[in-house]
Amino acid sequence: MNDDTAVSALSALAHADRLAAFRILVRAGPSGMPSGEIAEALDMPPTRMSFHLATLERSNLLRSWRDGRRILYAASYHDMRQLLAFLTEDCCSGNPAICGDLSTLVSACTSETC
């Protein structure tokens, strides 16, 4: 991951509604959720939710696919892990006494369901 990719992902998450949607999708797992259910869970109009989901998808934090008439969204665990690794790769020069062993936390997240 490079700086531009990280800035794009962090910018997408730097909004309360998008962060809430992303956290819901992380909990939902790889099967994802329809956009309407995400909007309902956040008590938000579907059109507004679609705008936020598109922003998260452009930053590669989400993936989407069509299921009949519905569009399903799921967290991109691979890209999420890359962002976490990028943010923590130089943490305290790897000194776990200062910041804990974050590399273990990130590397422990190896499955698609994290």
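Bear in mind that the values in this text are calculations on the coordinates, not laboratory data. Bear in mind that the values here come from a model prediction, so they are computed numbers and not experimental data. Cβ coordinates were reconstructed from backbone atoms using ideal geometry, including for glycine residues, and neighbour counts include every protein chain displayed.
Overview of values
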quantity	calculated
Kirkwood Rh, Cα atoms: Rg over Rh of region 1-81	0.95
Neighbourhood charge, 15 Å Cβ-Cβ cut-off, centred on residue 11 and excluding it, Lys, Arg +1 and Asp, Glu -1	-3
